[in-house]
1. Which condition from (1) in a helix (DSSP H, G or I); (2) at pLDDT 90 or above; (3) closer than 20 Å to residue 144 by Cβ is the one that residue 91 breaks?
2. Looking at segment 116-132, which of the residues that are open to solvent by less than 70 Å² (accessible area, probe 1.4 Å) and within 13 Å of the chain's Cα centre (by Cα) is nearest to residue 67 (Cα to Cα)?
3. Do you know which of the residues in segment 88-98 that are of a type in the set (Gly, Ala, Ser) and surrounded by 14 or more Cβ atoms within 10 Å (Cβ to Cβ) is nearest to residue 33 (Cα to Cα)?
4. On the basis of being of a type in the set (Val, Ile, Thr), touching a residue at least 12 places away in the same chain (Cβ under 8 Å), part of a loop (DSSP other than H, G, I, E, B) and buried (at least 18 other Cβ atoms within 10 Å of the Cβ), does residue 85 make the cut?
5. For segment 1-25, enumerate the residues that are of a type in the set (A, V, I, L, M, F, W, C), modelled with pLDDT of 95 or more and touching a helix residue (DSSP H, G or I) at 6+ places or on another chain (Cβ under 6 Å).
6. Just name the residue that is most open to solvent (accessible area, probe 1.4 Å) out of those in segment 24-33 that are more than 13 Å from the chain's Cα centre (by Cα) and over 25 Å from residue 103 (Cβ atoms).
7. Here are 110, 139: which of them is part of a helix (DSSP H, G or I) and modelled with pLDDT of 95 or more?
8. Looking at segment 107-152 only, could you name the residues that are touching a residue at least 40 places away in the same chain (Cβ under 8 Å), within 15 Å of residue 19 (Cα to Cα) and among the polar types (S, T, N, Q)?
Amino acid sequence: MGAFTEKQEALVSSSFEAFKQNIPHLSILFYTSILEKAPAAKGLFSFLKDSDGVPHDNPKLKAHAEKVFELTRDSAAQLRTKGEVVLPDAISKHLGSVHVQKGVTDPQFAVVKDALLKTIKEAVGDKWSEELSTAWEIAYDELAAVIKKAMS
């Protein structure tokens, strides 16, 4: 992969802002997309486990969605400034252990990536482009690689 560009970072950043404008709706879309692809993933999320479908007013669900998108946005910024994603030790250890504990697998990281892209596409509407998609994909893949490393 070549260097992550200023333009790629700007694309991720501006689309993250669009996501933030509509977190209640978009967080539901995000988890609905995950469950459509991987119904079994329901058991991995405490806020989905005991509910029928995706709850519409669960603050934990919104907070978790925001965190996933925020970490990906931060990864884009780091890729641009440092050329790599570096999480503070405590966060890295926490994310590693939570994902191990839940038994998260590679295919599940891919499902979440698809859902993330679908959600950003909805957030930005006609500003969606291949270039924007690629920027989010790279940032997510690099973040996922760091979490997977922390899992091992």
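1. Unmet for residue 91, out of (1) in a helix (DSSP H, G or I); (2) at pLDDT 90 or above; (3) closer than 20 Å to residue 144 by Cβ: (2).
2. First, the residues of segment 116-132 that are open to solvent by less than 70 Å² (accessible area, probe 1.4 Å): 116-117, 119-120, 123-125, 128-129, 132.
Okay, now just the ones that are also within 13 Å of the chain's Cα centre (by Cα), so 116-117, 119-120.
Values: 116: 12, 117: 15, 119: 14, 120: 14 Å.
Going through the qualifying residues, I end up with 116.
3. Here the residue is 96.
4. When the stated conditions are applied, residue 85 passes them.
5. Answer for segment 1-25, where residues must be of a type in the set (A, V, I, L, M, F, W, C), modelled with pLDDT of 95 or more and touching a helix residue (DSSP H, G or I) at 6+ places or on another chain (Cβ under 6 Å): 11, 12, 16, 18, 19.
6. Across segment 24-33, the extreme among qualifying residues is 25.
7. Just one listed residue meets the conditions, 139.
8. Answer for segment 107-152, where residues must be touching a residue at least 40 places away in the same chain (Cβ under 8 Å), within 15 Å of residue 19 (Cα to Cα) and among the polar types (S, T, N, Q): just 119.
The values are calculated or read from the model by the stated rules, or taken from the named source; none is laboratory data. Just so it is clear, the structure is predicted and the values come from calculations on it, not from any experiment. Quick reminder, even Gly has a Cβ in these numbers, built from the backbone with ideal geometry, and neighbours come from all protein chains shown. Keep in mind that these areas ignore ligands, DNA and RNA; they rest on the heavy atoms of the full protein, side chains included. Shrake-Rupley method; radii C 1.70, N 1.55, O 1.52, S 1.80 Å.
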